[in-house]
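Comments concern the structure below.
The values are calculated or read from the model by the stated rules, or taken from the named source; none is laboratory data. The model shown is predicted, which means the values in this text are computed figures rather than measured ones. Virtual Cβ from ideal backbone geometry, glycine too; neighbours counted across all protein chains shown. Side chains included, ligands, DNA and RNA excluded: accessible areas come from the protein's heavy atoms. Shrake-Rupley method; radii C 1.70, N 1.55, O 1.52, S 1.80 Å.
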Amino acid sequence: MTSKIFRSIILVAGSILTASFLLVFGVMYSYLTLQLQEELRSEAIYVAKAVELSGVDYLKELKEENRITLVSNDGTVLYDSEVNIDSMENHANRKEIKEAVETGEGDDERYSDTLSEKTMYHAVRLENGDILRIAQRQETVFNLLLSFVHPLLYILAFMFLLGAFLARQVSRKITEPMNSLDLEHPEKNQSYDEIAPLLTKIYRQKSMIKEQLEEEKKKQEEFEIITENMEEGFLVIDSKMEILSCNSSTKKLFEIEEIGKHQNVLTLNRTEKFQKVIERVLEGRHQETELELEESQYQMIANPVFQEKGQGVAGAVLVFMDITERMQGERLRREFTANVSHELKTPLTSISGFAEIIQNGIVKPEDVPKFAGNIFKESQRLISLVNDIIKLSQLDEGIMPYEPEFLSLKEIAKEVVARLQEPAKKKSVHLEVEGTDEKIKGVRPVLEEIVYNLCDNGIKYNKENGSVKISIERKPEGVTLSVIDTGIGIPVSSQNRIFERFYRVDKSHSKEIGGTGLGLSIVKHGAAYLGATIKLESIVDVGTSITLLFPKVIEE
């Protein structure tokens, strides 16, 4: 007994000493590494300032132990103090370079293939966009730590010997009272505290069981919280098709309030497609299909859950994802492609026909200008359509080649009104601008295109002697620009679709008026690009009001 206690104490003491040694070593290593990083950062900032003042020649004259690299903003290595730059690859994807390009400074620590050792890096972005990087091998840290190893080992050995001496003394003290125990009446040994480890062990076992139960309960609660907050429907069934668990999204999807005990999953949906998926997934096969529920489309993904040691399928996990928006997007894409093809084909066919007639000499000389005018008209229509498609593409991709600036809404509104005076005069439509002179931050061509298209539509679809008014107003939530006309209005059934590409409320009337059918779509995408929201109000035969709300900005 004494030897066992002695060995146990020695083992514990040795473990604690070893752990303490490793902890001290680790703390010192971390501290020295942090110091090295800070020194590396300070050195990088200092050298960067010097390079900005003296140029690359400063680096060539600098006698530095650390490796210095100069990289352009596209990743090309311009200078390296240790390696020939012709043999170095592009550094654009290096972590510290990317961080420096984005934030001004970047750090990384990795194993260098070039130097075959672990290296720390710190990069700083210069004023011209180039990146200065300084690298330092971590062998410096290890060398410093090695200088502490010998004293620490001596201390460790001394503490181990001291622990062995104390362990022997303690083990003897522990065993002495145990030899005098009354084993016949152990319950009378109340004053003997050394029996406490046995009771402590029982207590610990009970505590461990309790903690495990609480942990399992916590995991169950976390699982329920996660599944309940999922937008996707989540359903778990057993091998008998009985529902074990489902979230609120599933209940909402199948329009049920509660799941009954031992309820069969086929009661949720009795379609043949749903039934086949359930049967096949319980045979151990992954299944995916699409379900149409009410007016929505859902993707159903079913994965089998296998028992241990190949004992078959224990059940299945079913996930229902709403893909209605994606399917609508696909439909709109197909419609857009078909509409573009049709819209492009029409003017091209006219141009080709007129040109062929002129080429074959069928047209009288006095009629040539008329046919040429038709060709020019259709060409302009084609150019306008292509330009609108390009604008939409640029807005979709967010690649407008312009810089944002502070713009006067009233100034732009007046410019648009001046451009539209002639078509407004032909239709006897009165144009006016009212409101305060407010400024927003945006892109001038995009804003001009938005206001122009709104006013152009207001004129085209207006009545004789009607009016189009541009109203500018500052509100607590931002600045509004409203285009209000007294035109033919938009039916309620079409108001949700008028911003779709090529959508026309009255196709026959639209053909007489002309246009590409992309004006309001450009307005929608342009407003999104500028961070504005659109509000539409329209009454048939009364007029239409389209309001753009621009967010608040602080003028610099």
Sort out which residues of the stretch 43-63 are part of a loop (DSSP other than H, G, I, E, B) and touching a strand residue (DSSP E or B) at 6+ places or on another chain (Cβ under 8 Å), and write them in order of number.
V56, L62
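Quick check on F376: is it modelled with pLDDT under 90 and part of a strand (DSSP E or B)?
On the way: modelled with pLDDT under 90: yes; part of a strand (DSSP E or B): no.
Taking the combined requirement at face value, the residue does not satisfy it.
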Lone unmet requirement of (1) farther than 30 Å from F160 by Cβ; (2) buried (at least 16 other Cβ atoms within 10 Å of the Cβ); (3) at pLDDT below 85 for I10:
(1)
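In the stretch 279-298, how many are on the phi < 0 side of the Ramachandran plot and open to solvent by 70 Å² or more (accessible area, probe 1.4 Å)?
Of all residues in the stretch 279-298, those on the phi < 0 side of the Ramachandran plot come to 279-283, 285-293, 295-298.
After this cut, where a residue has to be open to solvent by 70 Å² or more (accessible area, probe 1.4 Å) as well, the list is 279-280, 283, 285-286, 288, 290, 292, 295.
Residues that pass the stated criteria total 9.
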Out of all the residues in the stretch 19-50, which are open to solvent by 40 Å² or more (accessible area, probe 1.4 Å), of a type in the set (S, T, N, Q) and in contact (Cβ under 8 Å) with a residue 60 or more places away in the chain?
Q37
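Of the residues K261, K276, only one is farther than 18 Å from M321 by Cβ, outside any helix (DSSP H, G or I), among the basic types (K, R) and open to solvent by 30 Å² or more (accessible area, probe 1.4 Å); which? Break it down into steps so the answer makes sense when it comes.
Working: K276 fails: outside any helix (DSSP H, G or I).
Of the residues listed, the single one that is farther than 18 Å from M321 by Cβ, outside any helix (DSSP H, G or I), among the basic types (K, R) and open to solvent by 30 Å² or more (accessible area, probe 1.4 Å) is K261.
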Please work out which residue is farthest from the chain's Cα centre (by Cα), limiting yourself to the stretch 60-86 and to residues that are among the small types (G, A, S) and either open to solvent by 60 Å² or more (accessible area, probe 1.4 Å) or over 17 Å from M120 (Cα atoms) (or both).
S72
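Regarding L409, is this residue modelled with pLDDT under 70, within 24 Å of K524 (Cα to Cα), touching an Asp or Glu at 6+ places or on another chain (Cβ under 7 Å) and not acidic (D, E)? Write out each step before concluding.
Working: modelled with pLDDT under 70: no; within 24 Å of K524 (Cα to Cα): yes; touching an Asp or Glu at 6+ places or on another chain (Cβ under 7 Å): yes; not acidic (D, E): yes.
For L409, the condition - modelled with pLDDT under 70, within 24 Å of K524 (Cα to Cα), touching an Asp or Glu at 6+ places or on another chain (Cβ under 7 Å) and not acidic (D, E) - is not met.
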Where the second residue is surrounded by 16 or more Cβ atoms within 10 Å (Cβ to Cβ) and of a type in the set (V, I, T) and the first is on the phi < 0 side of the Ramachandran plot and without any contact (Cβ under 8 Å) to a residue 24 or more places away in the chain and lies in the stretch 413-439, which pairs have Cβ atoms under 7 Å and are six or more apart or on separate chains?
K414/V433
Right, L53: surrounded by 17 or more Cβ atoms within 10 Å (Cβ to Cβ) and either touching a Phe, Trp or Tyr at 6+ places or on another chain (Cβ under 8 Å) or more than 30 Å from S30 (Cα to Cα) (or both) or not?
no
Right, K252: free of Cβ contacts under 8 Å to residues at least 60 places away in the same chain and either assigned to a helix (DSSP H, G or I) or open to solvent by less than 30 Å² (accessible area, probe 1.4 Å) (or both) or not?
yes
Which residues, taken from the stretch 471-493, are in contact with a Gly (Cβ under 8 Å, 6 or more places away or on another chain), farther than 19 Å from V540 by Cβ and crowded, with 18+ Cβ neighbours inside 10 Å?
I472
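Conditions tested, residue by residue: (1) in a loop (DSSP other than H, G, I, E, B); (2) surrounded by fewer than 19 Cβ atoms within 10 Å (Cβ to Cβ).
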site	(1), (2)
V416	no, no
A424	no, no
K441	no, yes
V451	no, no
N457	no, no
E464	yes, yes
R497	yes, yes
Across (1) over 22 Å from M120 (Cβ atoms); (2) under 38 Å from the mean Cα position of the chain (by Cα), D57 clears everything bar (2)
For the stretch 236-247, does any single residue satisfy the condition of being in contact with an Asp or Glu (Cβ under 7 Å, 6 or more places away or on another chain), within 18 Å of V319 (Cα to Cα) and at pLDDT 80 or above?
yes
Working only within the stretch 383-406, note down all residues that are modelled with pLDDT of 80 or more and either more than 37 Å from the chain's Cα centre (by Cα) or open to solvent by less than 70 Å² (accessible area, probe 1.4 Å) (or both).
F406
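Restricting to the stretch 521-538, and then to whatever is part of a strand (DSSP E or B) and in contact with a helix residue (DSSP H, G or I) (Cβ under 9 Å, 6 or more places away or on another chain), can you tell me which residue is surrounded by the most Cβ atoms within 10 Å (Cβ to Cβ)?
S538
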Within the stretch 279-307, which residues are more than 21 Å from D322 (Cα to Cα) and among the aliphatic types (A, V, I, L, M)?
L282, V305
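Here's the yes/no breakdown for (1) within 20 Å of G442 (Cβ to Cβ); (2) modelled with pLDDT of 90 or more; (3) touching a Ser or Thr at 6+ places or on another chain (Cβ under 8 Å):
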position: E477; (1), (2), (3): yes, no, no
position: R504; (1), (2), (3): no, no, yes
position: I546; (1), (2), (3): yes, yes, yes
position: I554; (1), (2), (3): yes, no, no
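Tell me which residues, restricted to the stretch 299-327, are within 21 Å of Q275 (Cα to Cα) and either touching a Pro at 6+ places or on another chain (Cβ under 9 Å) or open to solvent by 40 Å² or more (accessible area, probe 1.4 Å) (or both). Break it down into steps so the answer makes sense when it comes.
Start the filter on the stretch 299-327 by keeping residues that are within 21 Å of Q275 (Cα to Cα), which leaves 299-306, 312-323.
Scanning the stretch 299-327 gives N303, V305, F306, V313, A314, G315, A316, V317, M321, D322.
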